[in-house]
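Everything on this sheet refers to the single structure shown next.
The values are calculated or read from the model by the stated rules, or taken from the named source; none is laboratory data. Treat the numbers as computed from the prediction; the structure is a model and nothing was measured. Backbone-built Cβ (ideal geometry, glycine too); neighbour counts: all protein chains shown. The area values use the complete protein model at the heavy-atom level, side chains included, leaving out ligands, DNA and RNA. Shrake-Rupley method; radii C 1.70, N 1.55, O 1.52, S 1.80 Å.
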Amino acid sequence: MEESNLLKTNDVKYIIIHCSDTSNNDTAIDIHKLHISFGWDGIGYHKIILRNGIIENGRPEFWKGAHVYSHNHESLGVCLIGKNQFSDLQFDSLKKLLLRWKKKYPN
């Protein structure tokens with residue numbers, strides 16, 4: 001991996017929250033396959049939160065994401081599975097993840 005693709009702790013200034021706009025049953029593997037079909041190197045998000053609250057890994061946190069145009073070099077991306085309604089379990093997991101990331105990435 002080229003050094004220009006690395007995301008260092010001090011580089012992270014934003015945490016971007018997305019929704020998948022896909023089936024409520026999709027997982028990180030499904031998103032990975034979708035992003036591969038776009039010609040990307042793989043899943044663009046760093047974490048995926050399933051409807052049941054399980055947090056799945058996406059792209060490693062040290063690797064720049066592919067989730068937000070012109071800010072991938074300074075952000076982490078998390079994606080909630082779903083289109084417009086999300087579960088309380090997802091929001092609970094999102095809160096835990098955001099608190100953990102805020103501590104790990106204080107900028």
**Q.** Residues of the range 1-41 satisfying the condition of being charged (D, E, K, R) and either out of contact with any Leu (no Cβ under 9 Å at 6 or more places or on another chain) or modelled with pLDDT under 95 (or both)
**A.** E2, E3, K8, D11, K13, D21, D30, K33, D41
Q | Identity of the residue in the range 1-41, of a type in the set (V, I, T) and in a loop (DSSP other than H, G, I, E, B), that ends up least open to solvent (accessible area, probe 1.4 Å) | A | V12
Q. Within the range 56-71, which residues are touching a residue at least 12 places away in the same chain (Cβ under 8 Å) and either farther than 11 Å from H46 by Cα or acidic (D, E) (or both)?
A. E56, E61, V68, H71
(Q) Quick test for you: out of L99, L94, pick the one residue that is farther than 13 Å from H18 by Cβ and assigned to a helix (DSSP H, G or I). (A) L99
Q | Enumeration of residues in the range 27-75 that are under 9 Å from the mean Cα position of the chain (by Cα) and among the β-branched types (V, I, T) | A | I43, I48, I49
Q.
For the range 72-91, give me each residue that is closer than 21 Å to N24 by Cβ, surrounded by fewer than 17 Cβ atoms within 10 Å (Cβ to Cβ) and touching a residue at least 60 places away in the same chain (Cβ under 8 Å).
A. K83, N84, F86
